[in-house]
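Below is one structure, written out as C-alpha cells; comments come after it.
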Amino acid sequence: MILKEGMLKEGALKGKNILITGGGTGLGRSMGEYFLELGANLVITSRKLEVLEATAKEMMEQKGGKVLPLACDVREIDQVEKMWEDASSELGEIHVVLNNAAGNFISPTERLSTNAFNTVLDIVLKGTSQVTLTAGKDWIAKKQSGTFLNIVTTYAWTGSGYVVPSAAAKAGVLAMTRSLAVEWAKYGIRSNAIAPGPFPTEGAWSRLLPGDLVKKFDPAKKVPVGRVGEHQELANLAAYLVSDFSSFVNGEVMTIDGGEWLKGAGEFNNLDQIPQEMWDMMEASRGKKP
Ligand code: HXC
Ligand code: NAP
C-alpha cells in the first residue's frame, strides 16, 4: 500500500545527524526509523533510558546506521545542555533537531492543579525552547547551519477545550517556529513545524482516549477522508522538511490531518449528514424537476 511506502530517494539524508526528542516511542520513533533508512544517524532522547536503549538496538538491527540513546528530561536545562554536549562529542555536528517530545492529558481545565497545568507547559513549551536555544546558540557560535522541525497540533491555532495546557503550549511552539524562521535565517537556520491530526500511538491514544473512549469518539469519524493517519505518511513529510530538498521552506506549518480541523471549522460542514433523498426533497420543494 502506497501509504506505507517511503517517498524520498535512497540516501536523501546521508551524512545528516538528527536529534529527536521523544525519539524512543510513537511518532518520534517512526520518523527516526525512516530517517535512518534514508542514511541519517540519530540521537534519540527522552526521560526513560531503558526504553531508548531498547529502541536504538531494534532500530540499528532493522535499519542499520547509528542510533545514540541519551536520557534527558527536556524540562531540565542542565540535562539538555549535557545531552547536547554528549550528542555532539559522540556524533560530531548535529544538523537537525526534531522537537517531538510532549506531555498531555484530557481534563476539564477547572479540575487541573497548578502543578498539572505547569507540567504540560514545561514539557511542551519550556522543553522545546530549551532544546532550541541550546542547539541554536551552539550552531550560531560555530557558524554552522541547522534545521528545526517542531511537532505541534492543529489546535495550536484553533485552541481546544479539555487539553488547554497542551493547546497553549503548542501555540507557543508554533509562534516560536515562525519567529525564529525569520530571525535565525541569516545564520542558515531553518524552522518549520508539522501539525498532525490523529495518528494512533500508545502514548497519545492511552492518555487522550483511555478505555472505551476510543470506541465512543472514534477519531476516524471526524476526518473527511475517513481514516486516521499512517505513520509513514508523517515520516515522509518530516523527512522532506529536514532534507535539503526543502531548503526554501522556512517558517511553514504543514498540516497532515485528512482535512480534520477544517471540517470542525466550516459552518455548514455537518450537512454531509443529510441524505441524498432529503436534498431531492428540498430541490423538489423549490420547483426543480427530477
Ligand atoms: C489531571 C494529571 C493527570 C491527568 C497527571 N496529572 N496526570 N492531572 N489528569 N490525567 C497531574 C498530577 O496529579 C500532578 O499534579 C501533575 O499532573 C504532574 O504529574 P506527574 O505524574 O508527577 O508528572 P510526570 O511524571 O512529569 O508526567 C507527565 C505527564 C504524563 C504529562 C503527566 O502523562 C507523561 O509522562 N506524558 C508523556 C507522554 C504523553 O503525554 N504523550 C502524549 C502526547 S499526545 P499534582 O498537583 O497532583 O502534583 C499529544 C497529541 C495531541 O500531545 C493531539 C491528538 C490529536
Ligand atoms: P508519545 O509516544 O507519548 O511521545 C511523547 C514522547 O515524549 C515520549 O517518547 C516521551 O518519552 C517523551 N517525553 C515526555 N515527557 C518528556 C520530557 N519531560 N523530557 C523528554 N522527553 C519527554 O506520543 P506521540 O503520539 O508519538 O506524540 C509525539 C508528538 O506528536 C507529540 O509532540 C504530540 O503532541 C504530537 N502529536 C501527536 C498526535 C497523535 O495523534 N499521536 C497528534 C498531534 C500531535 P519518555 O516518557 O521516555 O520521556
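Values in this text are rule-based calculations from the coordinates and carry no lab data. This structure is a prediction, so every number in the text was calculated from the model and none was measured. In this analysis, Cβ positions are derived from the backbone assuming ideal geometry, glycine residues included, and neighbour counts consider all displayed protein chains.
Here are the numbers for the structure shown:
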| read-out | value |
| --- | --- |
| Stretchable slack from ILE140 to PHE245, in nm (0.36 nm times residue separation minus alpha-carbon distance) | 35.6 nm |
| Net charge of neighbours whose Cβ lies under 14 Å from the Cβ of GLN62, counting Lys and Arg as +1 and Asp and Glu as -1 | 0 |
| Sorted by Cβ density within 10 Å, fewest first, the residues ARG190, ARG227, ARG286 | ARG286, ARG227, ARG190 |
| Order of PHE117, PHE148, PHE217, PHE199 - criterion: other Cβ atoms within 10 Å of each residue's Cβ, fewest first | PHE217, PHE117, PHE199, PHE148 |
| LYS186 paired with GLU10, simple spin-label distance in nm, labels 7 Å along Cα-to-beta-carbon | 4.3 nm |
| Gain in span if fully extended, GLU110 to MET282, counting 0.36 nm per residue against the direct Cα distance | 57.4 nm |
| Euclidean distance of C-alpha centroids, the stretch 207-225 and the stretch 246-260, integer Å | 24 Å |
| Volume in Å³ per residue [convex hull over Cα atoms, computed for the chain] | 171 Å³ |
| Volume per residue of the C-alpha convex hull in the stretch 15-158, rounded to whole Å³ | 119 Å³ |
| Inverse of mean 1/r across different Cα pairs in the stretch 90-153, Kirkwood, Å | 13.6 Å |
| Most mobile listed residue (THR177, THR255, THR201) in the chain, GNM with C-alpha springs under 10 Å | THR201 |
| Neighbour-count order for ASP212, ASP138, fewest beta carbons within 10 angstrom listed first | ASP212, ASP138 |
| Lysine pairs meeting the criterion (Cα under 27 Å, 8 or more apart or interchain), as found in the stretch 157-255 | 5 |
| Spherically averaged projected area of the stretch 178-290 from its Cα convex hull (nm²) | 11.6 nm² |
| Residue pairs, from the table LYS16/LYS137; LYS16/LYS66; LYS82/LYS142; LYS63/LYS142, whose Cα atoms sit over 22 Å apart | LYS63/LYS142 |
| Rounded D (µm²/s) - the stretch 138-188, Kirkwood Rh over Cα pairs, Stokes-Einstein at 4 °C, 1.567 mPa s | 106 µm²/s |
